[in-house]
Structure formats: structure tokens, C-alpha cells
Amino acid sequence: MTTLVIGGGWSGLTTAVKLARQGEPVHVIEAAKHFGGRARNIEWQDKVIDNGQHIMIGAYDHMLAMMQLVSVDPETVIDRLTIDISIYDTQYSPLHLSARGKLSWPWSLAWNLVRSAGLSGLKNLVVLQRNIPKLLSDHDITVLEWLQKVGQPDRLIKQLWEPLCLATLNTSTDRASAHVLAHVLRDSLGKTQQHADLLIPKKPLGDLFPQAAADYIRRHGGKLSRQTRIAEIVTEEGLVTGVVTTAGRFIDADNVVIATGPDQSAQLLASHVRFHRPQQTPITTVYLQYHEDCRLPKPMLGMTGTMSHWLFDRSQQHPGLIAVVISAQGEHEQLSREQLIRHISQEVHQQVPTLPDRAIDAFVIREKRATFMCTVENHRQRPECETTINGLWLTGDYIKNNYPATIEGAVRNGQYCAEQILSQPSS
Ligand SMILES: Cc1cc2nc3c(=O)[nH]c(=O)nc-3n(C[C@H](O)[C@H](O)[C@H](O)COP(=O)(O)OP(=O)(O)OC[C@H]3O[C@@H](n4cnc5c(N)ncnc54)[C@H](O)[C@@H]3O)c2cc1C
């Protein structure tokens, strides 16, 4: 049974690794020059960097397991840090989401929150966490509706929940799915301290999994094609028979897995099955290169009331490199590259005065279709892995699960897809 996987992002590669491991013939076809999709390596002058700053957390256990399966030791490529985030606001004093200190988890988190947001800050966090089972037992609402329903104060909404919602769902609180945010909160802050750990890559994203996954597939007898784009899925009487490339070549297969982003999946599926195409939403990363001694006071800082949302210290990889993330839509989209760099550099300097008001060099990456918009409606209509066509499967971060568009969600779905294919009776 030959399985053809269209798309060599983290999800498609996961499916292919899992199939190859069981000795199944598999062929991954990727349109781009490199594997990795939306979490890949790019070159900036003499540096290899990420196509956009990513943050992973200790709860990404499926991602970590897949890295180990393809012989990447997470410890050598990722810094695992105790959660220690400060969120600076233009109006309020800094808020600390941190497990640092002498107390054990979760008292350490509670203590740091009380110190920065008072007893009411802690009380409100507990109220929200305790409300999760009730929220999930009912129909979905927006994050903002949820926060208001449980009486979260304006400060926590602005300085904690809005930035966390944007960071994880890449969708504003007035549209984002409360169910999805609740799952993220439960899996990160609601479990052990290790689940809340920050995983900051020490290597570019392509070195974390995609390249090793491609090698693994090859070593296990699989085939990989790059710079090959699939234009069409071919079916006969409700059964998939293969695909046609944009060069007009037919490739036959018993199973076809569409592991592309939602826009490309919609095109490939157009004449086959009904498909809800979710809106996509951007993420902008501004890399600022300072003198190599320059550092942030913490590996990760949040900013609210500003255009910049999150600052990451990437010195482990390139000394003096800071990545600034701006989630979703906003005024930054109207600025030219130069205007954006100037604006962001000033904001960073105001917050971290030890950094100069101008970087030595800067690079802007605007990923227009970074993630699907995780609204109540889009989450409700996420497609299943199984389709009505025999042998045609879907995987990717937007396929049904409880996570937003994340690497962990993409990997989980990739694993599930492989399990479904493997559970089919072979003909
Ligand atoms: C800037 C940015 C920041 C992000 N931040 C985070 C973060 O902090 N934490 C986190 O967990 N996630 C983050 N994400 C999301 C994460 O990167 C994605 O959820 C994940 O990479 C999606 O993987 P995927 O395999 O589902 O899809 P993709 O990575 O989109 O893979 C699809 C692949 O299919 C290929 N393809 C498309 N059409 C065809 C065709 N016709 N024929 C052949 N191949 C085709 C594409 O080239 C691509 O390689 C971020 C994404 C971006 C862009």
C-alpha cells in the first residue's frame, strides 16, 4: 500500500515517519526547496534563522517524542527553562508569570503573581482555571465573553489574557475560541511545572525535526521529492488512485494524505469533498541584531499597549540577536519595513533601556498565512482526518483537535493520521 504525503511540513513528515517506521512504502512530495513548511530554516546574510520566532512549551510532549524518534536529542537543540515571563504594560506595573523562587509548583507561580498583581490577580487566575470544566461542558464562546462571564478585571484581561491568547491562538480575544484557550491553559499552567516550561530553540527550526525526519524516512526506504507541486487529486468511483503534479505527471498511490496548509488543501479538495476554509492570520517577526554583548533581562518578555507583543533573546544561537513578535493583524501591517524597524526598535529601547535605540542590522519577516484564525466558528468546523473518499486523508495543524495552530497540534494530527492508515485492512 503506497502512501503519498503531499506537504513536508511538521505534520506531513510526522505521518510519513510513522508509516516508514512500520515498513510502509511512503513518498513525501514537497513544493518548496526545503522541508519544514511554516516552521523552517531561512538564511539571513551569514546566519541561519527561523522563518519566524516560535515558542514551544513543556506540554508539547508529542513533538518531543517525534524528535527523539528521529534521533534528535531535545536537550541538544532546545533550552528548557522554568517559566519566567514578565509582561510590561504602558499603564500597569510589570506582571510576572514565573515559577522561579524557593517555593514548589504551583505555589511559586502563585507567589510571583501575588507579588506583581496582588491577591486579586491570583484569585482571578484560580477562578478561571476552576471554571474550565464548566466552560468545556457547554457550547463554545469567545475568550472575551468567557473572561467577562467569570469577572476577570480589566488589568488581567489587558496584561495577561490578551497577550496569552494572541501568543497561543494568534486571534484576538473578541473572536478567539474559549474552548481552545481553556485546553491550552489546562495543559500548560494547570499541570506540572514541567508542562509550563519554556522551550526555546538553540538551533534553527529545520534542525529540530524536519531535516532529521527526512533522513529517517529515507533510511527506512521512503521516498522524498522537493520542488514538486501537486495540482490535482485523482479519484475513481469514490476511491483515490493518485495525484497529478503541476508538470502533468501522474503518480499512483493507494493512500493520499493532504498535509498542506488550509488554503492549498481547499484547492486540492475543491472538486472532491466539502471543506470549510478557515481565514488565515499573519505573524510578523522583526529580528534585531545588536552588539554581541547585548542581552534581554529574561529569555522572553511580553509587552502590552505597544505594537510589539513578545521579545525573545536568541543569543544562544546568535549573540546579540533579539526577535520581536507581532501576532495577528494590526497597524504594523500599514508600515513599511523601515518604519516598522524604527518603531519597534524604539519600543524595545523604552522597555529595555540597556539596548540601544537602533540595532546594527534588522530583518523583517511577514508570514501572511501563519496560522488559521482560531475563532469559535473555525474551531467548530475543523475538518476530520478521514474524508468521504476512500484512501484520501487530511492532516495539518488546522485539522480537528483541541489545540490551536501549533507545532504540537500539527504533530498530534500527523500521528493520528498515520494510525488511521495503519489500522486499515490491507488489500
Ligand atoms: C511566523 C510563525 C510563527 C509561529 N509561531 C508558533 C509558535 O510560537 N508555536 C507553535 O507551536 N506554532 C507556531 N506557528 C505555527 C506552526 O509553525 C504551524 O502550526 C506548523 O508549522 C504547521 O505545520 P503543518 O505541517 O500543519 O503545515 P505547513 O507547515 O504549512 O506544511 C505544509 C507544507 O505543504 C507544502 N505544500 C503546500 N501546497 C503543496 C502542493 N500543492 N504540493 C506539494 N507541497 C505543498 C508547503 O510548502 C509546506 O511545506 C507559527 C507559524 C508561523 C508562520
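The values are calculated or read from the model by the stated rules, or taken from the named source; none is laboratory data. Source: prediction; values computed, not measured. Every residue, glycine among them, receives a Cβ derived from its backbone with ideal geometry; neighbour counts consider all protein chains shown.
Summary of values
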read-out	value
Residue pairs meeting the criteria (Cβ under 8 Å; at least 6 apart or on separate chains; first more than 14 Å from the ligand (Cβ to nearest atom), in segment 273-286; second assigned to a strand (DSSP E or B))	VAL273/LEU392; GLN279/PHE372; GLN279/THR375
Selection count, segment 61-78, where residues are in a loop (DSSP other than H, G, I, E, B) and within 23 Å of ARG186 (Cα to Cα)	0
Residue count, segment 358-381 (criterion: surrounded by 20 or more Cβ atoms within 10 Å (Cβ to Cβ) and either within 18 Å of VAL180 (Cα to Cα) or within 12 Å of the ligand (Cβ to nearest atom) (or both))	9
ALA418 vs. criteria among the small types (Gly, Ala, Ser) and closer than 22 Å to ARG186 by Cα	no
Residues that are out of contact with any strand residue (DSSP E or B) (no Cβ under 6 Å at 6 or more places or on another chain) and part of a loop (DSSP other than H, G, I, E, B), drawn from segment 343-382	VAL352, PRO353, THR354, LEU355, PRO356, ASP357, ARG358, GLN381, ARG382
Residue satisfying condition, being within 11 Å of the ligand (Cβ to nearest atom) and buried (at least 19 other Cβ atoms within 10 Å of the Cβ), within set ILE399, ILE421	ILE399
Filtered residue count, segment 225-264, keeping only those that are in contact with a strand residue (DSSP E or B) (Cβ under 7 Å, 6 or more places away or on another chain), more than 14 Å from TRP393 (Cβ to Cβ), within 15 Å of the ligand (Cβ to nearest atom) and outside any strand (DSSP E or B)	6
Residues (in contact (Cβ under 8 Å) with a residue 12 or more places away in the chain and farther than 27 Å from VAL143 by Cβ) located in segment 324-339	ARG337
Residue pairs meeting the criteria (Cβ under 7 Å; at least 6 apart or on separate chains; first modelled with pLDDT of 95 or more, in segment 214-242; second of a type in the set (Ser, Thr, Tyr) and within 14 Å of the ligand (Cβ to nearest atom))	THR228/THR245; ARG229/THR245; ARG229/THR246; ILE230/THR245; ALA231/THR245; ALA231/THR246
Unmet criterion (only one of (1) without any contact (Cβ under 8 Å) to a residue 60 or more places away in the chain; (2) within 16 Å of the ligand (Cβ to nearest atom); (3) of a type in the set (Lys, Arg)) for LYS102	(2)
Complete set of residues in segment 27-60 that are away from the ligand (no atom under 13 Å from the Cβ) and in contact (Cβ under 8 Å) with a residue 24 or more places away in the chain	TRP44, GLN45, LYS47, VAL48
Total residues in segment 16-37, condition surrounded by fewer than 22 Cβ atoms within 10 Å (Cβ to Cβ) and under 19 Å from the mean Cα position of the chain (by Cα)	1
Residue in segment 50-60 that is part of a helix (DSSP H, G or I) and surrounded by fewer than 21 Cβ atoms within 10 Å (Cβ to Cβ) present	no
